[in-house]
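Visitor: What follows is a single structure, and I will ask about it in a moment.
Just so it is clear, none of the values below were taken in a lab; they were calculated from the coordinates. Nothing here was measured: the structure is a model prediction, and the numbers come from that model. Cβ placement follows ideal geometry from the backbone for every residue including glycine, while neighbour counts extend to all protein chains displayed.
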């Protein structure tokens, strides 16, 4: 009886209770295969999609959002970011993505640092991003720590899933943090996984933070246990084709390991191996400069070739447009479509491009009720004033869990504050 009372109280506290929205008349890109519905309708009730199709009747009492002449898509998901833990990347006080002098590594959890009031969250939400994968950046160890998944809804409880994955840094950066070479990084990796297995067998042996023979701390070993047991995925940052092949081979030693690759700028060279291993990739489409020795084979056709080989690809990285400001991801996806028109280029279809920022990230991180416009999925829906893959388009309405979100941010407030001032006038202070 008490459990029932708690459930009723929770439902009554939900802002989405008894709320029905009908988004009508738009071009509905469902992110289910290549299905696009002209003059379509999406109906959301109590936070879930209850109908998608053409010519659907509007339920009595529903709030209608007229999308005539507009596009409707699922809410966008950035496959990796630092949203909520970084505001200004170059300002240390606002950047909780890395910890340069900590004695801990794998045990670090970004969850306590997530700030729902962080200005980039509202900016990204206005850009159509409704969910974000949030990851740490490795500092002085190859194990960067545990990432999270958040909602970008305008509320304080935005955590969707904590301790959602472990970041592992290999390649050039991993070599640097491990002592100066790739062999040192790989030895560090295998030792960490072996320590986790030993910890799982006998936790009491790790006395006072580490046992006599351990090279990692007790909390770090404990954090790696669900990784080696396959309960939590490992996100490996690698770029070079040989490093990618090495990561794929780890399942021979640790067969339960769930691998996700991030970066993978030379992934196209071993796309068949990645596809055969059923390992997904997180990357961006415009990385084409050989700006390091591990990215000499970079090409704008990387994503197109990976998808053509059967690899699941989601767009996102830690820095720049995808890090703290992922609102530009639709344009990265659009450039993947344009790449198909470049002589010798291999790009994506429009449906494939949309999938890289909706259904693919959801599939990569097991968000089974997100990423597409289907009955039963969460009501994350975006209405655009034009084709979402074009630079000139922008969202005009965003729903998260079936709740319309404010289309304002710190930038719009500053714009409104200063735009209409008379010459010589001073702006009014903000209302408290």
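Visitor: If the chain between residue 414 and residue 251 were fully stretched, how many nm would it gain, using 0.36 nm times the residue separation less the Cα-Cα distance?
Guide: Result for the pair: 53.5 nm of gain on full extension.
Visitor: For the chain, what does the helix formula give at 222 nm: sum of -39500 (n - 2.57) over DSSP H segments with n ≥ 4, over the residue count, nearest 500 deg cm²/dmol?
Guide: Value at 222 nm, helices only: -7500 deg cm²/dmol.
Visitor: Okay, moving on. Using 0.36 nm per residue of separation minus the Cα-Cα distance, give me the extension gain between residue 64 and residue 161 in nm, one decimal.
Guide: 31.7 nm
Visitor: Got a sec? Which residues in the stretch 278-299 would a label at residue 342 touch, if it sits 7 Å along Cα→Cβ and we count backbone N under 18 Å?
Guide: Only 283-292, 295-299 fall inside the zone, counting backbone N under 18 Å.
Visitor: Moving to a separate point now. Could you compute the FRET efficiency for residue 296 and residue 215, with r as their C-beta to C-beta distance and R0 at 35 Å, rounded to 0.05?
Guide: Efficiency, rounded to the nearest 0.05: 0.60.
Visitor: Determine, from the Cβ-Cβ distance of residue 349 and residue 56 and an R0 of 35 Å, the FRET efficiency 1/(1 + (r/R0)^6), rounded to the nearest 0.05.
Guide: The pair residue 349/residue 56 has a calculated efficiency of 0.85.
Visitor: For the pair residue 231 and residue 390, what calculated FRET efficiency results from E = 1/(1 + (r/R0)^6), where r is the Cβ-Cβ distance and R0 = 45 Å, to the nearest 0.05?
Guide: Given R0 = 45 Å and the Cβ-Cβ separation, E is 0.65.
Visitor: Quick check: pseudo-label points 7 Å beyond the Cα along Cα→Cβ at residue 422 and residue 48, how many nm apart are they?
Guide: For residue 422 paired with residue 48, the spin-label model returns 5.7 nm.
Visitor: Using Cβ counts within 10 Å as a stand-in for footprinting exposure, how do 237, 287 rank, fewest first?
Guide: Result, fewest neighbours first: 287, 237.
Visitor: For each of 80, 407, 126, 117, count neighbouring Cβ atoms within 10 Å of the residue's Cβ, then give the residues from fewest to most.
Guide: 117, 407, 126, 80
Visitor: Roughly what angle does helix 2-13 make with the longest principal axis of the chain, taking Cα atoms, 0 to 90 degrees, to the nearest 10?
Guide: Between the helix axis and the principal axis of the chain, the angle is about 60 degrees.
Visitor: Further question: How high is the relative contact order of the chain, in percent, counting Cα pairs under 8 Å that sit 6 or more residues apart?
Guide: 19
Visitor: Based only on other Cβ atoms within 10 Å, what is the fewest-to-most ordering of 232, 381?
Guide: 232, 381
Visitor: Between rounded, prolate and oblate, where does the stretch 341-432 land on the alpha carbon gyration tensor, with a ≥ b ≥ c its root eigenvalues, rounded for a/c under 1.5, else prolate if a/b exceeds b/c?
Guide: It is oblate, given that a/c is not under 1.5 and a/b is not larger than b/c.
Visitor: Next up: Could you calculate, for the stretch 357-408, the ratio of the Cα radius of gyration to the Kirkwood radius, expressed as Rg to Rh?
Guide: Dividing the radius of gyration by the Kirkwood radius yields 1.00.
Visitor: Output the 0 to 90 degree angle, nearest 10, between the alpha-carbon long axis of helix 218-228 and the longest principal axis computed from the alpha carbons of the chain.
Guide: Taking Cα atoms only, the helix is inclined about 70 degrees.
Visitor: Moving to a separate point now. Please state the shape class of the stretch 124-244: rounded when a/c is under 1.5, otherwise prolate if a/b exceeds b/c and oblate if not, all from the C-alpha gyration tensor.
Guide: In terms of gyration-tensor shape, oblate.
Visitor: May I pose another question? Restricting to Cα pairs below 8 Å that are 6+ residues apart, what does the relative contact order work out to for the stretch 311-410? Please round to a whole percent.
Guide: 19
Visitor: Roughly what angle does helix 182-201 make with the longest principal axis of the chain, taking Cα atoms, 0 to 90 degrees, to the nearest 10?
Guide: 90
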